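This report refers to the structure that appears directly beneath it.
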Amino acid sequence: MNPIVKTVDLRKSFGAFEALKGIDVEIERGDVLCVIGPSGSGKSTFLRCINQLEVIDSGALWVNGELVGYRRKGNKLHELSEREIARQRLSTGMVFQRFNLFPHKTALENVMEGPVQVLKQVRKQAEADARALLARVGLAHKCDAYPVELSGGQQQRVAIARALAMSPSLMLFDEPTSALDPELVGEVLGVMRDLARTGMTMVIVTHELGFAREVASRVLFMDQGQVVESGSPEQVLGNPTHLRTRDFISAVLS
Ligand code: ADP
Ligand code: MG
């Protein structure tokens, strides 16, 4: 079967600084890939490239079997139009560290927004789906609450429901619990754990190594714009090959 994400020598620079120095990764359908690594190692940039929030400089990236951002005609690559890029972007859902919900909309309206505005779903259907999704993240009773009335953990669960409402084939999480008070981390990880059990393909940047160990099918350690090592959670977290991985893990655990 084709991988759902494939990158070959993916590179991305910001000015003279090379943030991704040739990333080769394959993510299979149903994989839960946890990406770990020090601050500035390129984890967010990697997710942002997959979601086309960044344009890659060189190498190639496929999502869902489609070359991202380009179409091949004969031997030439042609840039896709904004419209085609927007269509491609729909196949990935992204959850950020900060929840960025619409403050003037209720939880229900936040979840319905994309399906109604972008997917042009009928309101009634979108509402029923949104209620079911909010129930799935444990927030059936908060449909009519505004973001300010919700805790950080609840807001993040709404953000997950909102991403799921677009029926993505892949979910990307960029440190989804780092901005939360410690007592709220568990409820968000719980929702992600349930999602992983349903077979959703997920790429999760996280410093929650216990969670990674339990939920990940694969762990990938990045440092300085490169993949240093990847493998099973037991291997990468329990018995890392590289000194840099070992140093990072002990720093996080200390
Ligand atoms: P991580 O998520 O692992 O902390 P990032 O992917 O955010 O790392 O960043 C990798 C490197 O690229 C960092 O050194 C960061 O400062 C730099 N970087 C990221 N985005 C930009 C940007 N838009 N402009 C300039 N530098 C950036
Ligand atoms: Mg980051």
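Values quoted throughout were computed directly from the atomic coordinates according to the rules given, and no laboratory measurement underlies them. Just so it is clear, the structure is predicted and the values come from calculations on it, not from any experiment. Cβ: placed from backbone, ideal geometry, glycine included. Neighbour counts: every protein chain shown.
Gain in length, residue 239 to residue 8, computed as 0.36 nm per residue apart minus the alpha-carbon separation, to one decimal in nm?
Here the segment from residue 239 to residue 8 would lengthen by 80.5 nm.
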At 0.36 nm per residue, and after removing the present C-alpha to C-alpha distance, how many nm does the segment from residue 120 to residue 197 gain when stretched out fully? 24.8 nm
Can you run the Rg to Rh ratio on region 212-253? Use alpha carbon positions and the Kirkwood inverse-distance Rh. 0.93
Descending packing, highest mean Cβ count within 10 Å first, for 164-170, 192-198 is 164-170, 192-198
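Among 72-78, 124-130, how do they line up from the highest to the lowest mean number of other beta-carbon atoms within 10 Å? Intermediate results must be reported in sequence, preceding the final value.
Values: 72-78: 8.3, 124-130: 16.7.
Final packing ranking: 124-130, 72-78.
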If you wrap a convex hull around the alpha carbons of region 42-98, what volume per residue comes out, as a whole number of Å³? 93
Rg [Å, one decimal], Dmax [Å, integer] - the chain, C-alpha atoms: 18.5, 55
Hey, what number do you get for the chain at 222 nm if only DSSP H runs of n ≥ 4 count, each worth -39500 (n - 2.57), divided across all residues, to the nearest 500? -10500 deg cm²/dmol
Can you give the three extents of the C-alpha atoms in region 76-122 along their principal axes, from longest to shortest, in whole Å? 47, 31, 15
Across the chain, how many lysine pairs separated by 8 or more positions, or lying on different chains, have Cα atoms within less than 16 Å? 6
In Å, what is the Rg of the alpha-carbon atoms in region 69-148, and how long is Dmax? 16.8, 55
Would you kindly calculate the translational diffusion coefficient of region 1-74, applying Stokes-Einstein with the Kirkwood radius from alpha carbon pairs, for 10 °C and a viscosity of 1.306 mPa s, and quote it in µm² s⁻¹ without decimals? 123
Quotient of C-alpha Rg and 2.2 N^0.38 Å, computed over region 181-227: 1.25
Computed over region 122-183, the distribution of all Cα-Cα distances in 10 Å bins, rounded to whole %, is 20, 51, 26, 3
Mind checking the full-extension length gain between residue 246 and residue 135? Use 0.36 nm per residue of separation minus the Cα-Cα distance, one decimal, nm. 36.0 nm
At a temperature of 20 °C and a viscosity of 1.002 mPa s, determine how fast region 4-44 diffuses translationally according to Stokes-Einstein, using the Kirkwood radius over alpha-carbon pairs as Rh; express D in µm²/s, rounded to the nearest whole number. 185
Quick one: Cα convex hull volume of region 65-206, Å³ per residue? 123
Roughly how many Å is it from the Cα centre of region 221-254 to that of region 72-93, as a whole number? 34
Given region 1-144, what whole percent of its Cα pairs are spread farther than 25 Å? 42
